[in-house]
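S.K.: Next up is a structure, given as structure tokens.
The values are calculated or read from the model by the stated rules, or taken from the named source; none is laboratory data. The model shown is predicted, which means the values in this text are computed figures rather than measured ones. In this analysis, Cβ positions are derived from the backbone assuming ideal geometry, glycine residues included, and neighbour counts consider all displayed protein chains. Please note that ligands, DNA and RNA were not included when accessible areas were found on the heavy atoms of the full protein model with its side chains. Shrake-Rupley method; radii C 1.70, N 1.55, O 1.52, S 1.80 Å.
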Amino acid sequence: MDERYIATVDMGTSKLALTVAKIAGEGIEVLYYSEKPSDGVRYSRIFNPIRAAGPLKTAVEEAERELSIKINQVVIGLPRWGVRQETSSALLNRDGNSCITQDEIDSIKNIALDSYPLDDESKEEIYGAAAQSFSTEDMINCTEEDVVGQPSASLEGNFKVFVGAKKAMTNIDIMLNHANLAPARKYFLPSATANAVLTREEKENGVALVEMGAGVTSVTIFQGNILRYYYAIPFGGKSVTTDIKMECGFTEKLAENIKLAYGACMPEHLQSLSEKILQINDTEDGTDQQLPVKYLSEIITARMKEITDAILFKIQESGYSDRLRNGVVLTGGGANLANCANFIKEMSGYNVRIGYPRMKRFSASGCPGIGETGAVASLGMLLLAKDDLYVNCTSEVPKEEEEEVVESPVQEVENELGTINGKAGAKPAPESEAEESDNTVDSVLDPDAWEVHKPVKQPKAKKPRKESKLFKWTKKVSESFSERVGSIYDSME
């Protein structure tokens, strides 16, 4: 398949991101990227599939109209929170005279996943796995790259297995079904995000990737180019917004806007900005409220300290805290908070950088927002799906099909009546009359008559907007029809 389309959906607590890209060989051309407020999602998990399907369906329809394609299925990310990591291993006995192949590596991974004993298969499901090491009869603790090509009579693999709630997976399927979509692939997002943000050197030397979303902040540690540890905490940018809302008595929308415009950590480093006072005017009752920027920063810093403490605790718990030579990479929508990276650096002692997408791997013109930290998960899913040649999410809508006009039963009757009157090929009602009605009309002239349809363009038909125009158009069609029938009776006499 030389050319195909991939559509990805990143369902977050506060927003969903839809991305459509064209894959041609090794090239990835991002054609469309859009962010919309999400619904029915908490802590990156869909709790109300019906509500979640509404914004997704709207986003897909807008992309289809802009790109003139039909999106049949999507690549979607799995929940970040509520996932625990376990260990699993598998042993494969083989012919010692032949060399280990990549297919055998994939096979032993599947054996390890299939043999892992879930506590309750009705409630849990394996989201993904990461190979940790491989051993042969001659060597132990080899990487995947080192073991492929070795001759050995045995092959043993050790894996980290990530287990999550089965209901969360089921809710994704329900949501997609209500949005008239099918799941092309479901990816465990830590690996996908890392592919879009981290360099090979960072993964090799040791790095903690901290993705701060609205509802969840996740910590993923790489060392030796292997995913070694993962954990997510149920706090993020929305927790900061909620603190501002509760402390100041604002609406959530106002609190979010103030955070985005003036929010910052470390009030002692704001310099002259800390002396400014925000004047909040209530247009409903005419009251005013003042909010010092320094006080706003103190509210934000208190919550960010709690989140950073949890991050550092999990890094310490992983056992890799002393092996992170490349420090911390901060990404996700929450990474844009002013002084956030400096705050984490001051508390942890690690070098901290903001993780923007590595756009050299993509071409994306005319897609605002695709190069921001909030788009890293979407781009990561594109990289994973690109390597799967069987993923093709969309199909082009032929222009001829879009312009095809379907002839209504009334037009067919009028043409036949014109032939009887000696006017073969008589034309239907003038376009000006047809244009007076808005869109598709479904009506009946009398109990035994035909359904009346205005000619509409395929494949999509719109609903009538004004009943008065519908009635007016139907009346004109009825009068025209009666005149033609009367003329037939006159000619027969």
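S.K.: Express the accessible area of region 296-391 per residue in Å², computed with a 1.4 Å probe while the remaining protein chains stay in the model.
M.R.: 45
S.K.: Using Cα-Cα distances under 8 Å and only pairs 6 or more residues apart, what relative contact order does region 103-219 have, in percent?
M.R.: Worked out over region 103-219, it gives 22 percent.
S.K.: Describe numerically, in nm with one decimal, the distance between label points set 7 Å from Cα along Cα→Cβ at Asn72 and at Ser89.
M.R.: Going by the 7 Å Cα→Cβ label model, 4.5 nm.
S.K.: Could you tell me what percent of the accessible area of region 61-192 is made up of carbon and sulfur, with a 1.4 Å probe and every protein chain present?
M.R.: 45
S.K.: If you don't mind, another one. Calculate one ³J(HN,Hα) per residue across region 211-224 by plugging θ = phi - 60° into the Karplus curve 6.51 cos²θ - 1.76 cosθ + 1.60, and present them in order as whole Hz with x for glycine and proline.
M.R.: So the J values, rounded to whole Hz, are 9, 9, x, 6, x, 9, 10, 10, 10, 10, 10, 10, 7, x.
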